[in-house]
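Peer 1: Take this structure, written in structure tokens, and hold onto it; I'll ask about it next.
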Amino acid sequence: MDTQIQNISLKDKFLSLFLEDTGSKFINTIRLDAIHKFEELGFPTLKHEDWKYTSLAGLLKVDWQEYPENDYSEIKPEDIQRFLVPGLCSDYLVFVNGKYVKHLSKVHENTHGVIIESFEEAQNLHQDIIEKYFSKYAHYQNNAFVALNTALASDGAFVYIPKGVQHTHTIQLVNITGYGQADSFSNTRNLVILEEGAKTEIVENNVSYHNSLSLGEGRGEVLSSFNTIVNELVVSKKAQLNYYKSQSENELAYQVNFTQIDQEKDSLCNTYTSCLGGKFLRNDLNFLLNDSHCESHMFGLYIGNKQQLIDNHTFVDHANPDCFSNEFYKGIIAGQATAVFNGKIIVRPDAQKTNAYQSNKNILLSDEGRINTKPQLEIFADDVKCSHGATTGQLDDEALFYLRSRGIGEEKARAMLTLAFAEDVLENIKQPEIKVWIEEQVEAKLKTIAGNG
């Protein structure tokens, strides 16, 4: 009963934050419809199949507050360099508590019609493109958090790569939460469009201003935050997108992250998801293979410790023939952490000659940790090659004994085996600077686990 009361109370709280006027009649109409849909749906409970292992009770107890309007002039450009992937020639947009901060961002002068700017700016400058693509892929009609984000998010990133353009600069989207006040609530909306034959690479980096994993301990006060993120990614005919998502927020951060990818004929999309930080982390990664000969790769690594909850839901919709998808996720759970992996593949009746593969492997490093994994495969076509599987176990005792027999201490031997387990995913990252950057975060996380062990 208490949880239900909190649910209603928090829903009303978010409804009160709704501001209808964004200056765009098109956006306003969608936002108004979305807030009504959110009011109708309410927050999901454990009775919802997609949330049966993930309770919102902790999130609903907090009196979340929107951060007051701020130009963040007190933050200097050098303060956010630690949040960027080093060694890359890149364009980057920086968001603090959901708001674009221009003086912290850097975008090279772009030719060939490339657009990299804030979503708020794009609503006025590129209304025709916005109206063509916005809210056409991330549907809010049956998802409360997408509805909430659609209604409340006023800013985020807008990336547009025109037909045939290969954008050589990596685009970094730095999403900083937990700045300025505790219990801050923010929403971020990203729209990425690759026209026919376009190519680019994007890093979405989610961090807390203080005490993100990459910063080490003791840098400033740890402040709680709740951020919803919705990404709509359009990969048109023969386009190619590499999308990296890094999540290393502090131990009081809540994040709900929804990504919808639409792929058209002969397109290629690779996603890499690294879930290391945060108190509560929910990812939904959905692919729609919307024409023939699409190719999709999903690589994911999640490492939980203490009382973290990390929930990854993936959905690949093979709606057309001659497409290929491959999904490879691994999890490492220690302490009292909980991990959820739910991977669903559906092969529609017309999707003949589909190749679809899914693998989820997990290691438990403690007796108190918990992993809930649920692979799903629904096939409605005859001429297909599909497989899925999930395993949960512990470190290999024989391998551990072998290392110990070579004079390696138990703690170091365990660390070596755990890192080797993670490397199976990390080796799929082809961009060297990004690979090193994520490896360093993974090693830092594993050292933290070893130190608590």
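The values are calculated or read from the model by the stated rules, or taken from the named source; none is laboratory data. Worth saying up front: this structure is predicted, and the values here are computed from it rather than measured. Positions of Cβ are generated from backbone atoms using ideal geometry, with glycine treated the same way; all protein chains shown enter the neighbour counts. Accessible surface is based on the protein model in full, side chains and every heavy atom, while ligands, DNA and RNA are left aside. Shrake-Rupley method; radii C 1.70, N 1.55, O 1.52, S 1.80 Å.
Peer 1: Which whole-number value in Å³ per residue fits the convex hull of the alpha carbons of the range 237-364?
Peer 2: Dividing the Cα hull volume of the range 237-364 by its residue count gives 74 Å³.
Peer 1: For the range 296-453, what is Rg from Cα atoms divided by 2.2 N^0.38 Å, rounded to two decimals?
Peer 2: 1.18
Peer 1: Another question about this same structure. Would you calculate, for the chain, the mean residue ellipticity at 222 nm contributed by helices, counting each DSSP H stretch of 4 or more residues as -39,500 (n - 2.57) and dividing by all residues, to the nearest 500?
Peer 2: The helix-only estimate for the chain comes to -7000 deg cm²/dmol at 222 nm.
Peer 1: Compute the accessible area per residue over the range 317-407, keeping the other protein chains in place, probe 1.4 Å, unit Å².
Peer 2: Accessible area per residue: 49 Å².
Peer 1: Which order do the peptides 101-107, 126-132 come out in when sorted by mean C-beta neighbours inside 10 angstrom, highest first?
Peer 2: 101-107, 126-132
Peer 1: Would you kindly state how much longer the chain becomes between Ala182 and Gln127 on full extension, computed as 0.36 nm times their sequence separation minus their alpha carbon distance, in nm to one decimal?
Peer 2: 16.3 nm
Peer 1: Further question on the same structure: Sorted from largest down, what three extents in whole angstroms do the Cα atoms of the range 99-140 have along their principal axes?
Peer 2: Principal-axis extents of the range 99-140 (Cα, largest first): 32, 27, 17 Å.
Peer 1: Once the piece of chain linking Leu417 and Ile379 is laid out straight, how much longer is it, given 0.36 nm per residue of separation minus the C-alpha distance between them?
Peer 2: 10.0 nm
Peer 1: Further, regarding this structure: So how long is each side of the chain along the principal axes, counting just the alpha-carbon atoms, biggest first, in Å?
Peer 2: 69, 55, 51
Peer 1: Here's another thing I want to ask about it. Using a Förster distance of 22 angstrom, determine the FRET efficiency expected from the C-beta separation of Lys76 and Glu251, and round it to 0.05.
Peer 2: The formula returns an efficiency of 0.30 here.
Peer 1: So, how do all the Cα-to-Cα distances of the range 119-259 break down into 10 Å bins, in percent, from 0 on up?
Peer 2: Histogram of Cα-Cα distances, whole percents per bin: 11, 37, 33, 15, 3.
Peer 1: Please state, as a whole number in µm²/s, the translational diffusion coefficient that the Stokes-Einstein equation yields for the range 327-416 at 37 °C and 0.692 mPa s, with Rh defined as the Kirkwood radius across alpha carbon pairs.
Peer 2: Rounded, D is 213 µm²/s.
Peer 1: Give the long-range amide H neighbours of Glu66: residues separated by 5 or more places, or on another chain, with amide H under 5 Å away, using H modelled in the peptide plane at 1.01 Å from N.
Peer 2: Under 5 Å from the amide H of Glu66: Phe185.
Peer 1: Tell me, rounded to the nearest percent, the portion of alpha carbon pairs in the range 377-424 spaced more than 13 Å apart.
Peer 2: 67 percent
Peer 1: Something else now. Take every Cα-Cα distance within the range 305-379, group them into 5 Å bins from 0 onward, and report for each bin the whole-number percent of pairs it holds.
Peer 2: Final binned percentages: 4, 15, 24, 16, 13, 9, 8, 5, 3, 0.
Peer 1: Would you compute, for the Cα atoms of the range 261-313, the largest minus smallest coordinate along each principal axis and list the three values in descending order, in whole Å?
Peer 2: 44, 13, 10
Peer 1: Taking 2.2 N^0.38 Å as the expected size of a compact globular protein, what ratio does the Cα radius of gyration of the range 38-163 give against it, to two decimals?
Peer 2: Taking N as the residue count of the range 38-163, the ratio is 1.31.
Peer 1: How much of the accessible area of the chain, in percent, comes from carbon and sulfur atoms when a 1.4 Å probe is used?
Peer 2: 48 percent
Peer 1: Where does the charge balance sit around Asn205 when Lys and Arg score +1, Asp and Glu -1, over other residues with C-beta under 14 Å from its C-beta?
Peer 2: Net charge in that neighbourhood comes out at -4.
Peer 1: Continuing with the same structure: So for the chain, averaging the separation of alpha carbon pairs under 8 Å that are six or more residues apart and normalising by length, what relative contact order in percent results?
Peer 2: 10 percent
Peer 1: Taking 0.36 nm per residue of separation and subtracting the Cα-Cα distance, what length does fully extending Glu49 through Gln336 add?
Peer 2: Fully extending the segment from Glu49 to Gln336 adds 101.0 nm.
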